[in-house]
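Quick notes on the structure that follows.
The values are calculated or read from the model by the stated rules, or taken from the named source; none is laboratory data. Note that this is a predicted model, so its numbers are computed, not measured. Note that each Cβ is placed from the backbone with ideal geometry, even for glycine, and that neighbours are counted across all protein chains shown. Only protein heavy atoms, including side chains, enter the accessible area calculation; ligands, DNA and RNA are left aside. Shrake-Rupley method; radii C 1.70, N 1.55, O 1.52, S 1.80 Å.
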Amino acid sequence: MMEKLFFYFLENMALIIALMFLGLKAKEVLLQKFEKLFSSFWVYPLFVTILTLIVMYNPLGYEGMKIDLRAVPLFFVAYAGGWRLGILSGIIPLIFRVYLGGPTVLIGIIQTIILPICFGAFFKHKQKDTHHPILNLSKMMFYFIIFEIIQSVWMYFSTEATVLITVLVFIFACIAAWSMGLIFNDVHRSLNMINQLEMLSYQDAMTLLPNIRYFKEKLQKMAEQKDPFAIAMIDVDYFKKYNDANGHPKGDVVLRTIGNILSDSCGAGDFVARYGGEEFIMCFQKNSLQQVSDITERLRKSVEVYIFEGEETQPGGFLTISIGVSFSKPEKSMEAIIEEADKALYQSKKNGRNRVTIYKEG
């Protein structure tokens, strides 16, 4: 009997761990291709429901009881995701337990479905500001052990379960819960690292604005969809003189400050990036000449009136920017539109700087 019980719970535990591993690894591999799928609220309850049903499919029958480790995944999803995920994950297992029947249906539902969901959700893991949360396993196991003690004592005194059965359930359930937490954290650390590396690959390290790679990828999609937009190329006037007079650290502060001014001015759908050196590039999801002219003129004035440390060394005593603007047309490529904005910027600098020039054909 001892050997049969041991191998049954060992099989149950191994099944939970294997399915958890496969499910989260599938998420890690497929997330980039099917991000919308994995962001859907119903995916996680569906996965836990399937996992729980597989564990429940061949329960250990003892004195009319149906014994298995179904409480482990239900506690885990409620602890990691809260009430809604826990309740949604428990509906079908509850119905299936009713279908299995037996004299202990009600107490089995309360002890192994309702109780773990309530216990896990009540002590729910508090999310930190990360897309893929990392669980505090020590805290999770502390709450899970308390739950298992309550469940084991209740099961022993309210059913025909022996001391051997309750002890084995306790031991293997704790190992399964700990293993689920380890797998969960391992995969989520990997996903967070991928997200961080991806973010760094699209971000300018000095200004923390998006870089030109990100800008061009986003702009290319707009150009392919024939969405109307305007491009503004922005250059800091006499920036080399400022650096020579004040030093590169203060020059970096100037670039970060101008980056913030440009970023704060972005409306819905607009975006900005550092083009390189002292140049920035902006995209406005607008095709109105008057509207874009007004916005870029406001940007020029915002930089002109801002008090930068050491700007008195600049020609005229102020630190300023020059701007060149071009508008999209269905027949124009993304590169052509950027080139036109660059030509307009050149005209602004040629005509005295601290001005906005709209590109005109010819």
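Assorted remarks:
- Any hit, region 202-213, residues being in contact with a strand residue (DSSP E or B) (Cβ under 6 Å, 6 or more places away or on another chain) and of a type in the set (Asp, Glu): yes
- Matching residues, region 216-264, being closer than 25 Å to residue 332 by Cβ and open to solvent by less than 50 Å² (accessible area, probe 1.4 Å): 219, 222, 223, 229, 230, 231, 232, 233, 234, 235, 262
- If you go through region 304-318 and keep only what is open to solvent by 50 Å² or more (accessible area, probe 1.4 Å) and either of a type outside the set (A, V, I, L, M) or not in a helix (DSSP H, G or I) (or both), you end up with 304, 306, 307, 309, 312, 313, 315, 316, 318.
- Residues in region 123-139 that are over 16 Å from residue 78 (Cα atoms), out of contact with any helix residue (DSSP H, G or I) (no Cβ under 7 Å at 6 or more places or on another chain) and modelled with pLDDT under 85: 128, 129.
- Restricting region 145-159 to residues that are open to solvent by 60 Å² or more (accessible area, probe 1.4 Å) and over 15 Å from residue 177 (Cα atoms), the residue that is nearest to the chain's Cα centre (by Cα): 150
- The single residue among 66, 4 that is of a type in the set (Lys, Arg) and either modelled with pLDDT of 90 or more or in a helix (DSSP H, G or I) (or both) turns out to be 4.
- Scope region 319-338; condition over 30 Å from residue 250 (Cα atoms) and either open to solvent by 60 Å² or more (accessible area, probe 1.4 Å) or not in a helix (DSSP H, G or I) (or both); matching residues: 326, 327, 328, 329, 330, 331, 332, 333, 335
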